[in-house]
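The values are calculated or read from the model by the stated rules, or taken from the named source; none is laboratory data. What you see is a predicted model, and the numbers here were worked out from it, not measured in a lab. Cβ atoms come from the backbone with ideal geometry, glycine included; neighbour counts cover every protein chain shown. Just so you know, the surface numbers come from the protein's heavy atoms only, side chains and all, with ligands and any DNA or RNA stripped out. Shrake-Rupley method; radii C 1.70, N 1.55, O 1.52, S 1.80 Å.
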Amino acid sequence: MFDHVTIRVSDREAAQGFYDAVLQTLGIEATYSDSRFSEWDDFSITAADDESPATRGLHIGFGAPSREHVDRFWQAGTAAGHRDDGAPGPRPEYREDYYGAFLLDPDGNSAEAVHHGGVRPPGHIDHLWIRVADRAAAQRFYETIAPHAGFRLANDRERSHFVGAGGSFTLLEGEPTEHVHLAFPATENATVDAFHRAAIEAGYRDHGAPGERSQYHPGYYGAYVLDPDGNNVEVVNHNR
């Protein structure tokens, strides 16, 4: 579902140490690192600065191959002194076979390892929870871009739950999640163009017109808009 999710961190060394330690227990190894980013497949971190502060209030769930991997994720984090946010165990309120464990990263974001029957292959983001100031407004934004970003609204009873190919994200009202970057994949440049056009025509804020971003790699074609809470949302075609 996600091409990538990027968070900004107040201390890159501390954040990288946290994610290296806990993601390795799930079989997720770092795939790239330079002066700008550290990446683990579809998840990455980059340093915060005055213009782009640290991400706050995000919940991110990583798929685990088994319940034992979930246990090891939590044990590695707590043994290293990171904050517990929920010990390993069943969470049948989410689904019957849901088994998860929760930690807080150095900036206080919630990181989870989860195993259930719908988890994608290990090494990928299973789900996000994003808190928003106005759920109806945020839902309208994501419904506007959904046809171009590869997901759909599954339900909107108590929360707004969007699902895509093997992943999901949920909007719920509360202190808004800040400064997270969500990127969704496309296979044609025209889809990127249509995403940007639909959002701008609906009155949402431009954050980068469609075009090639060769600083990432040749052929990287993306466009960016801001959701109602100011998070940066992208659709990208890698042209590979």
Residues of the stretch 194-212 being in contact with a helix residue (DSSP H, G or I) (Cβ under 9 Å, 6 or more places away or on another chain), in contact (Cβ under 8 Å) with a residue 24 or more places away in the chain and crowded, with 18+ Cβ neighbours inside 10 Å, in sequence order, are Ala194, Phe195, His196, Ala199, Tyr204
Quick one: is Tyr32 closer than 23 Å to Tyr220 by Cβ and surrounded by fewer than 19 Cβ atoms within 10 Å (Cβ to Cβ)?
-> yes
What number of residues in the stretch 40-74 are within 30 Å of Ala133 (Cβ to Cβ) and not hydroxyl-bearing (Ser, Thr, Tyr)?
-> 19
If the Cβ limit is 6 Å and pairs must be 6+ apart or interchain, which residue in the stretch 1-27 that is more than 17 Å from Gly77 (Cβ to Cβ) pairs with which residue that is open to solvent by 40 Å² or more (accessible area, probe 1.4 Å) and of a type in the set (A, V, I, L, M)?
-> Met1/Ala165; Arg12/Ala47
Pairs where the first residue, in the stretch 60-79, is open to solvent by less than 40 Å² (accessible area, probe 1.4 Å) and the second is of a type in the set (Lys, Arg), C-beta under 8 Å, 6+ apart = Gly63/Arg120
Of the listed residues (Arg91, Arg95), the one being basic (Lys, Arg), at pLDDT 95 or above and either in contact with a helix residue (DSSP H, G or I) (Cβ under 7 Å, 6 or more places away or on another chain) or open to solvent by 20 Å² or more (accessible area, probe 1.4 Å) (or both) is Arg91
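Residue check: is Glu143 at pLDDT 95 or above, within 14 Å of the chain's Cα centre (by Cα) and among the charged types (D, E, K, R)?
Against the criterion (at pLDDT 95 or above, within 14 Å of the chain's Cα centre (by Cα) and among the charged types (D, E, K, R)), Glu143 does not qualify.
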Would you point out the residue of the stretch 99-151, among those that are aliphatic (A, V, I, L, M) and free of Cβ contacts under 8 Å to residues at least 40 places away in the same chain, that is nearest to Ala64 (Cα to Cα)?
-> Ala101
Members of the stretch 122-144 that are in contact with a strand residue (DSSP E or B) (Cβ under 7 Å, 6 or more places away or on another chain) and either of a type in the set (S, T, N, Q) or buried (at least 21 other Cβ atoms within 10 Å of the Cβ) (or both) | Ile125, Asp126, His127, Leu128, Ile130, Val132, Ala138, Gln139, Tyr142
